[in-house]
Structures are given as C-alpha cells and as structure tokens.
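One structure below.
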Amino acid sequence: MNEAKRRRGASQWDVAWRRFRRSKAGLFGMFMVGVLILVAILADFLAPYPGRPNPDALKPLYEGDSLRPPSWKYPFGTASVGYDVFSEVLHATKYTLYVGFVSTIITMALAILFGSVAGYYGGTTDDALMRVAEVFLVFPTLPLMLAFTRVYLVASGSAYWNVLGVNIPVGLTIVIAILGIFGWAGNARLVRGEFLRIRELEFVKAAKALGADSKRTIFRHVLPNIMSSVIVVSTLTIAYAILSEAGISFLGFGDPNAITWGQMMQENFVDIRIAWWTEVFPGLAVLWSVFGFNLLGDGLADALNPRLREM
C-alpha cells in the first residue's frame, strides 16, 4: 500500500526518470553525450599536442612524422600537414558542442515564441504566423549559409570576436546563427500543436476563469506542460545542427579558423587514398555525436511520453 501511495505521489519527472532508466538505448545515448562533454572540457589535458593555430600543433611535422598511420605514439595517425589527428579530434569537440547547443538554443527560442503565440491565440494570428513558418520551411537554407559564410569571411578583417577574453570564431558563429534562424519553423509547428491541445484542457480554462492573463497562462500553466516535448526535440535538433555544420565544412564553406570534424575531413580529402585515417576518425567522431544525441532523444521521448502508463 505504501508503495502504491508513493507511486501516486511521485512527480512527473520522477516517473520519467524511472522510465528512462529502463531504456538501454537512452542510457547509452546519455553516456555518449557525457563523453563528448567531458572531452570538450578536458581536451587540453587529454590531447598530446595543442590545437591549431598553436605552432606546437605541428610538432609531428618538425619531427618528420607526417602521414604516419595509427600507432601507439599517434593513436589516430598524423595528417599530411603534420598534425596529430587524435589531438585535433579532441580539440574540435568544443566547436562541435558550440554549434549544437547554441544553434539549438536559437532554434527552440524562436520555435517556442512563434509556436506558443500561434497556438494560444489561434485565429488570424495563428494563420499569419504559420504562413511565415511555411516560408522558412521552403527557404533554401543551405545555399544561404554557404553564401553568407563565404562573403563574411572574405569581407571581414577579423577571424575572431573577442568577448570577455574568449575568442569566438566569426565564420562558425555565422553558420550557427543561420542554422538557428532558419531552422525554427518545423519545431514551431510542433509547439503550436501542443498549445492547441493543452489550451483546451480544464486546468487552463480554470486559470482563465480565475482571472489569469494571457502571459501568466502561457508561462505558468501551458508552457511547463510541453517542456517534455521541447526537451526531446532539442536533443534531435542538436544532432541535426552538428551534422549540418559537418556537411557545410566538408563542402569547403566552413570556417577555416575553427577546426571542426567536417573541416578536418575537407582538408584531408585529397589524401584519402594514402591516409584513410585522416577521414575515418573525424567521421567516426561525427557519427558518435549524432548517434549519441539521437539515442538520448529516443530514450527521452519514451520516458516523457504522457500517454505511456507506468508498468
């Protein structure tokens, strides 16, 4: 009886955590994402060599070790320009997470803003905002990103913005901004659908009857009840952003001042026949990150699904 009472009194997040712990795929995804975060934080301590543009990153070149295959000294081998691939893969992790998290924050902020207003107010407001979303859905985002990044890098005299002592790569930030600004429309339609569903529930109608204004109703009653969906979509959006940036960099339109996995694959593509390791290991890093966030998203989707009953 006490166990049944405890289960009835458990919060939504307690129940979700119990469900998530039973998802092997979700737990493995969380492990993979955790490894990425740790590597990004500890890259300077784990990497045998510093990252470019530090001249010491090319020490293997000075030692005559260019294009060395994987070995105990160089676990991922070395590139033709003379850097240690293992070290560069580790250092590039922070740029990968920078792309994934920042672009997702922009995307989901715009999606929640447009989706919540459209879903809550409905009518003409809903129609107008959804027409705007449809324009963004069909807009050719990839050519725009390629053009903006290339034009800005050519026109700009600075490769970095110095913000509070931190050097932020300009070109990569432009890619992030475009990914976020032009990637919100699909997620906004999902948020709108959730708002349309929840605004008709009794507790929302009760809040309105008690005099709650629109702002309070949205932020105190409706929005918290769609956060589970927002969290799931955010993890999948991170994976999409990472994959998109890797593709853009591989095509040669990335920021050469921010060494990412896609950038590494692009600059070593000419050596793929004689140095396969320079392509395989950055590619596996992209696979690890995208697969990890997708597994995490699938696990969260099952755990946070309100239609599933506690077994």
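No value in this document is a laboratory result; all are computed from the given coordinates. This structure is a prediction, so every number in the text was calculated from the model and none was measured. Note that each Cβ is placed from the backbone with ideal geometry, even for glycine, and that neighbours are counted across all protein chains shown.
Please compute the contact order of the chain in relative form: average sequence separation of alpha-carbon pairs under 8 Å and at least six residues apart, divided by the residue count, as a percent.
Worked out over the chain, it gives 27 percent.
Take the Cβ-Cβ distance between Trp276 and Ala209 as r, set R0 to 51 Å, and report the resulting FRET efficiency rounded to the nearest 0.05. It would help to have the intermediate numbers written out before the result.
On the way: r = 67 Å, r/R0 = 1.32.
Step by step, r from the Cβ atoms, then E = 0.15.
What percent do you get for the relative contact order of region 156-311 when only Cα pairs under 8 Å and 6+ apart count?
22 percent
Excluding Tyr49 itself, what net charge comes from residues whose Cβ is under 9 Å from its Cβ, given Lys and Arg +1 and Asp and Glu -1?
Every neighbour counted, the sum reads -2.
If amide H atoms are built 1.01 Å from N in the plane of the peptide, which residues on other chains or at least 5 residues away come under 5 Å of the amide H of Thr78?
Here the answer is Leu67, Arg68, Val85, since their amide H atoms fall under 5 Å of that of Thr78.
What is the gain in length, in nm to one decimal, between Ala128 and Ser66 on full extension, counting 0.36 nm per residue of separation less the C-alpha to C-alpha distance?
That works out to 16.5 nm of additional length.
Whose amide H sits under 5 Å from the amide H of Tyr160, counting only residues 5 or more places off or on another chain, with H placed in the peptide plane?
Under 5 Å from the amide H of Tyr160 lie the amide H atoms of Val170, each far enough along the sequence or on another chain.
Just Phe250, Phe139, Phe293 to compare: in a GNM of the chain, with alpha carbon springs under 10 Å, which one fluctuates most?
Among Phe250, Phe139, Phe293, the largest mean-square fluctuation in the Gaussian network model of the chain belongs to Phe139.
State which helices in the chain qualify, where a helix is a whole DSSP H run, it must extend 15 Å or more along its own axis by its Cα atoms, and its mean Kyte-Doolittle hydropathy must be at least -1.0.
24-46, 85-121, 123-138, 141-155, 170-181, 185-198, 227-250, 277-303
Could you work out the local net charge near Ile176, counting Lys and Arg as +1, Asp and Glu as -1, over the other residues with Cβ closer than 14 Å to its Cβ?
Around Ile176, the surrounding residues sum to -1.
Compute a Gaussian network model of the chain, connecting alpha carbons closer than 10 Å, and tell me which residue from Asp213, Asp255, Asp298 fluctuates the most.
Of Asp213, Asp255, Asp298, the Gaussian network model singles out Asp213 as fluctuating most.
Within region 214-242, list the residues whose amide N lies under 15 Å from a label point set 7 Å along Cα→Cβ of Phe28.
Under 15 Å, as judged by backbone N against the label point of Phe28, lies no residue of region 214-242.
Taking θ = phi - 60°, what integer Hz values does the Karplus form 6.51 cos²θ - 1.76 cosθ + 1.60 yield along region 54-71, in sequence order, with x for Gly and Pro?
4, x, 5, 5, 9, 4, x, 5, 5, 8, x, 10, 5, 6, 7, x, x, 8
For a test of understanding, tell me how many lysine pairs in the chain have Cα atoms under 27 Å apart, given they are 8 or more places apart or on different chains. Spell out each step's value before the answer.
On the way: Lys24/Lys94; Lys59/Lys73; Lys59/Lys94; Lys73/Lys94; Lys205/Lys215.
Step by step, the pairs that qualify in the chain add up to 5.
So if each residue of separation counts as 0.36 nm, and I subtract the Cα-Cα distance between Asp44 and Glu200, what length gain in nm does that give?
50.9 nm
Quick one: which of 79-86, 66-73, 263-270, 204-211 comes out on top by average Cβ neighbours within 10 Å, and what's the full order, highest first?
79-86, 263-270, 66-73, 204-211
Name the residue farthest towards the positive end of the dipole of region 93-295 from the options Gln263, Ala275, Tyr121, assuming +1 on Cβ of Lys and Arg, -1 on Cβ of Asp and Glu, about the Cα centre.
Tyr121
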